[in-house]
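Report on one structure; see the data block that follows.
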Amino acid sequence: MRKIEILIIGIIGLSIISCQSKKSTSNSESNFFTDSIYSEHLNEYRKHNVYLPKGFDNGKEYPIIYATDGNSSLTEKKNLLDSLIDNIIIKPLIFVVSFSNNKIADSTSTTTGDGKKVHLSYRNFEYVDRKPTRLEDSLLVDRFKNHELYFTKELITEVEKNFNQNSGKNDRYFYGVSNGAGFGMSLLNKNPDIIGTYICFSTFGGDIQSNNWDKDIKYPKLFLRYGSDEFFGLKEDAEFLKSKYAESKSFIESKEYEGGHNNKFWNKEFSEIIIRILKVE
């Protein structure tokens, strides 16, 4: 009987040690996973990726970067963030990337210059306010507005609740490229009090020159990048934004890099910027 009791105690002890070991191992590495929430505004489940730094503690506050294009290679930042954090170059942070909806939404109303039809996905209507008005586009009419509400009222709220973050404007950052950056520019213009810093590269969309820019509003910090080999309109948009930011005495850093519409250039610029703005003091 005594031997059985000892054996049981030994098994329990090994189980406790095993659990502690697993807990220690999971906390000694960064975590990257996919989660989802149901969006009342979009009437569907939406996925997002989450990066948690090594040693994440939900009793501490972290900077949070919210990004677009979560289901693409554009936001595969785990290795980069691990390296910068492990080498004490930037602060530990949370990185949250909202998936875009790549299902075909419209294959009838858009054509290229040579007359070919373009198959637009829901992403094109979520990131860019195309303002469709046709009856047959009824599912798309409010898509941009509803996606904006999902991003600001549901995604941000749910993430910060789940990870016990009492974040303010200055703790939140936005990152996007191309149409994803265009969506960021719309958020920046219409919701200047939610996110404090925007990193927007090769920005297509965002109604930059048609939106109202109020000289009495202090707009979020903006790090704007575009390529020398890209559409010339991006440079015009950058010059326009610099003038509007000057009027409101807001911070903007605009730069033309040597290259085109390509992730290898965006990766380099992203690294350079976050090393400066999230550096360890």
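The values are calculated or read from the model by the stated rules, or taken from the named source; none is laboratory data. The shown structure was predicted, so the numbers you read here are calculated from the model rather than taken from an experiment. As a convention, Cβ positions derive from the backbone with ideal geometry for all residues, glycine included, and neighbour counts pool all protein chains shown.
In segment 32-51, the qualifying residues are those that are assigned to a strand (DSSP E or B) and among the acidic types (D, E), and the one that is farthest from K153 (Cα to Cα) is D35. Within segment 102-122, the presence of at least one residue that is buried (at least 20 other Cβ atoms within 10 Å of the Cβ), assigned to a helix (DSSP H, G or I), at pLDDT below 90 and touching a helix residue (DSSP H, G or I) at 6+ places or on another chain (Cβ under 9 Å) is confirmed.
When the residues of segment 50-83 are filtered to those that are touching a residue at least 40 places away in the same chain (Cβ under 8 Å) and small (G, A, S), the one that is surrounded by the most Cβ atoms within 10 Å (Cβ to Cβ) is A67. Restricting attention to segment 236-253, the residues that are crowded, with 17+ Cβ neighbours inside 10 Å and either farther than 27 Å from I64 by Cα or not aliphatic (A, V, I, L, M) (or both) add up to 4. From the list V128, V141, the one residue that fits, being without any contact (Cβ under 8 Å) to a residue 24 or more places away in the chain, of a type in the set (V, I, T) and closer than 19 Å to K190 by Cβ, is V141. I'd like to know if segment 7-29 contains one or more residues that are modelled with pLDDT of 90 or more and either touching a strand residue (DSSP E or B) at 6+ places or on another chain (Cβ under 6 Å) or crowded, with 16+ Cβ neighbours inside 10 Å (or both). There is no residue in segment 7-29 that is modelled with pLDDT of 90 or more and either touching a strand residue (DSSP E or B) at 6+ places or on another chain (Cβ under 6 Å) or crowded, with 16+ Cβ neighbours inside 10 Å (or both). Here the condition is being in contact with a His (Cβ under 6 Å, 6 or more places away or on another chain) and among the polar types (S, T, N, Q); of S167, S202, S178, it holds for S202 alone.
Just one of the numbered conditions (1) of a type in the set (K, R); (2) surrounded by 15 or more Cβ atoms within 10 Å (Cβ to Cβ); (3) in a loop (DSSP other than H, G, I, E, B) is not true of K131: (2). Under the condition of being part of a helix (DSSP H, G or I) and either at pLDDT below 95 or of a type in the set (F, W, Y) (or both), which residue from segment 147-167 is nearest to the chain's Cα centre (by Cα)? Ranking the candidates gives F151 first. Residues in segment 36-64 that are closer than 15 Å to S98 by Cβ and out of contact with any helix residue (DSSP H, G or I) (no Cβ under 8 Å at 6 or more places or on another chain): S36, Y38, E44, Y45, K47. Looking across segment 181-201, the residues that are crowded, with 24+ Cβ neighbours inside 10 Å and among the β-branched types (V, I, T) come down to I195, I199.
Applying the selection to segment 189-205, what residues are touching a residue at least 60 places away in the same chain (Cβ under 8 Å) and either among the aromatic types (F, W, Y) or within 22 Å of N170 (Cβ to Cβ) (or both)?
Start the filter on segment 189-205 by keeping residues that are touching a residue at least 60 places away in the same chain (Cβ under 8 Å), which leaves 195, 197, 199, 201-202, 204-205.
Scanning segment 189-205 gives I195, T197, I199, F201, F204.
Only one entry of G233, G227, G260 meets the criterion of being in contact with a strand residue (DSSP E or B) (Cβ under 8 Å, 6 or more places away or on another chain), exposed (fewer than 15 other Cβ atoms within 10 Å of the Cβ) and at pLDDT 95 or above, and that entry is G260.
Cβ separations smaller than 7 Å between residues 6+ apart or across chains give the following pairs from segment 258-280 residues that are farther than 15 Å from T75 by Cβ to residues that are assigned to a helix (DSSP H, G or I) and modelled with pLDDT of 95 or more: G259/F265; I275/L84.
Can you give me the number of residues within segment 202-224 that are at positive phi and buried (at least 17 other Cβ atoms within 10 Å of the Cβ)?
Filtering segment 202-224 for residues at positive phi gives 202, 205-207.
Now drop any that are not buried (at least 17 other Cβ atoms within 10 Å of the Cβ), which leaves 202, 205-206.
So the count comes out to 3.
Is it the case, given these coordinates, that F174 is surrounded by 19 or more Cβ atoms within 10 Å (Cβ to Cβ) and not in a helix (DSSP H, G or I)? Criteria met by F174. From the list S210, S243, S254, the lone residue that is assigned to a loop (DSSP other than H, G, I, E, B) and among the polar types (S, T, N, Q) is S210.
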